[in-house]
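Working notes, structure below.
Every number here is computed from the coordinates shown, using simple stated rules; none is lab data. Nothing here was measured: the structure is a model prediction, and the numbers come from that model. So basically every Cβ, Gly included, is an ideal-geometry build from the backbone, and we count neighbours across all protein chains shown.
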Amino acid sequence: MPSADAAISVRDVSHSFGQAGDAQYVQALLNSNLDVARGELLCLIGPSGCGKSTLLNIMGGLVTATTGSVSVGGKRVNGPMPRDLAFVFQESALFPWNTVFENIVLGMTFQGVPKAEREDRARRALAAVGLDQFAGHYPGQLSGGMRQRAALARALSLETDILLMDEPFGALDEQTRMVLGEDLSVLLSRSKKTIVFVTHSLGEAVFLADRVAVFSARPGSIKQIIAVDEPHPRKPSFMTAPKFHALRDQLYDLLHDEIRRAMAESGQTRRRYDDVEADAAAAVSGGEGA
Amino acid sequence: MSPRPRASAERHFWSRIVQVAFVAAILLLWVLATDVWHVSHILLPRPLNVWAQFVDIIRTGEFIPDLLVTLRELAAAFAISLTLGITIGFLISRSQYLVKVFEPLFAGIYSIPIILFLPLYVLFFGLGSPSKIALGATISFFPIVLNTILGFGYVDRGLATAARSMGASDLQLFRYVLFPAALPVILAGLRMGFTVALLSVIGSETIASLAGLGHRIVNLAENMDMARMFAYIVFVVAIAAFLNAVVSRLEARGKWR
């Protein structure tokens, strides 16, 4: 049974793409169980292809799990739940033919917010992410970081209790990513939102998360959950604290073998890897090159 | 102002100069051919005579019935191909299988000169306007349907997923995501469709017809009234240029990239 105070409960979720026996058949997730507590920020971290994004999409009702079930606020998930949760995607998914402001208003139109409230809420959301000056800009006129802020504003304007973020800063450079991470931490400390945040970056996971769920290599399942136990908003100084490094090292130890397994299985590094995979690749080439 | 827009405005100015000079050179050649090289006036009338006939056509309003016939045929043909092209293109684009079947088929038919079938159209629809409308609609259907399939095929799936996650209904998804995403490509298809509809309506009028600008031009040629025929050609060129400018302007307004 899902626990009463869980915002999201994942029960025995397995997911596969394609039919068993096909060449393209992939078992992405195997028997995953997870409870996301109300008001916490939970990071999902794991090697490429471990199914962490798939699990996020299953939580949000964008993908239906092959077996198992997910419930949000006690309701079983059968499809998108726009009133309960909002997504922020890696590519901002802003509509390029609409201005930033129109994009935010349109999201609320889809969700069914009364017309009279939309513009006011859009303005507040833009102010919250510091984009008030750019309401009339088109996404193509903004930098990558600003586009992700705009996408975050759109998600905030929907006023859902839950935010699902799929590597929202994954396509950004490290400096922009750090600043956006700090801003997100400040924003969260003010709201009571529940957030599930998929990331490749160990540092980002430790810096942002209340708990970090570490995935095993494909077929993915949750290997261990680590609590960070540090109040929000987190300051940049947290990144240099011994505790930060201890947690980061602990995560790296947990992930290390999984990354090697994932790489051995996929043969080559097909996708773009961030710091986790880059470290592992360096370790592999350094150790075996001699 | 930054230097870049000024540089591009300057380049734009010079390309206009070259275009005007090109037209002026052709006019000059025309004058030379008739007045200096003495090409037969039956083959090539003098520009001044053509101008006098042009003024006469405009002043007497003689062109109006023929122009109305041609414009009506064009409007009817384009309305049919626009409606069918966009509807059928959208329906086909919904299924990968249908796209695979019909896209090469339509592209293949588009590449053959459909005007060859004009005699068949005349047999079916008669010598009057209906055969011109049917042929124009057939020919302009293909660029429109092909670009509609292309436009809806290019829609970023991430955008559709995002709209769904925010609760967009099917109708909202079409109106706010699929349609605006596909619009620039569809508009390019409509512009091409309009151009070929105009070509085929006037072209088929010159081959077999009862009225219209193409009919008038062939009639004048058969009566050896060359100066007036040239004046009508100039008139049709001006009308076609005007219509294409309007359509291109409309297309540019729909661009978002």
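Per residue of B:169-180, what is the mean number of Cβ atoms on other protein chains within 10 angstrom of that residue's Cβ? Write out the running numbers ahead of the final one.
Details: counts 2, 0, 0, 3, 1, 0, 0, 7, 4, 0, 0, 4.
Counting Cβ atoms of other protein chains within 10 Å of each residue's Cβ and averaging gives 2.
What order, most packed first, do the peptides B:22-31, A:217-226 have when packing is the mean number of other Cβ atoms within 10 Å of each residue?
Highest-to-lowest ranking by the protection proxy: A:217-226, B:22-31.
Explain nothing, just the number: relative contact order of the stretch B:59-253, from Cα pairs under 8 Å at least 6 residues apart, as a whole percent.
This gives 28 percent for the stretch B:59-253.
With n ≥ 4 as the cut-off for DSSP H runs, can you work out [θ] at 222 nm for the protein assembly as shown, using -39500 (n - 2.57) per run divided by the number of residues, rounded to the nearest 500? Each step should come with its number before you reach the end.
Numbers: 18 runs with 308 residues, N = 547.
So the helix-based figure for the protein assembly as shown works out to -19000 deg cm²/dmol.
With contacts defined as alpha carbon pairs under 8 Å and 6 or more residues apart, what's the relative contact order of the stretch A:52-112 in percent? Before the final figure, lay out the partial values.
On the way: 37 pairs, mean separation 14.7, N = 61.
Result for the stretch A:52-112 is 24 percent.
Quick check on packing: order A:145-155, B:170-180 by the mean number of other C-beta atoms within 10 Å, highest mean leading.
A:145-155, B:170-180
Is there a simple number for the mean count of other chain Cβ atoms within 10 Å of the Cβ of residues in A:106-114, and what is it?
That average works out to 4.
What aspartates and glutamates does B:Lys132 reach when the alpha-carbon gap must be under 15 Å and sequence neighbours fewer than 8 apart in one chain are set aside?
Partners found: B:Asp66, B:Glu73, B:Glu205.
How much length would be gained if the chain were fully extended between B:Glu10 and B:Ile207, taking 0.36 nm per residue of separation minus their Cα-Cα distance, in nm to one decimal?
66.4 nm
Which lysines have a Cα less than 26 Å from the Cα of A:Lys243, not counting those fewer than 8 places away in the same chain?
A:Lys52, A:Lys192, A:Lys193, A:Lys223, A:Lys235
Between B:Thr60 and A:Val179, with labels modelled 7 Å along Cα→Cβ, what's the label distance in nm to one decimal, could you check?
7.5
In terms of Cα to Cα distance under 20 Å, which aspartates and glutamates are near enough to A:Lys75, apart from those fewer than 8 places away along the same chain?
Partners within reach: A:Asp5, A:Asp12, A:Asp35, A:Glu40, A:Asp84, A:Glu159, A:Asp161.
Mind checking the log10 I(q)/I(0) for the stretch A:38-100 at q = 0.15, 0.17, 0.20, 0.29 Å⁻¹? Debye, one equal scatterer per Cα, no solvent, two decimals.
Here the Debye-derived log intensity ratios amount to -0.59, -0.74, -0.95, -1.36.
Evaluate peptide A:91-103: per residue, the Cβ atoms of other protein chains within 10 Å of its Cβ; return the mean as an integer.
Across A:91-103, the average partner-chain Cβ count within 10 Å equals 4.
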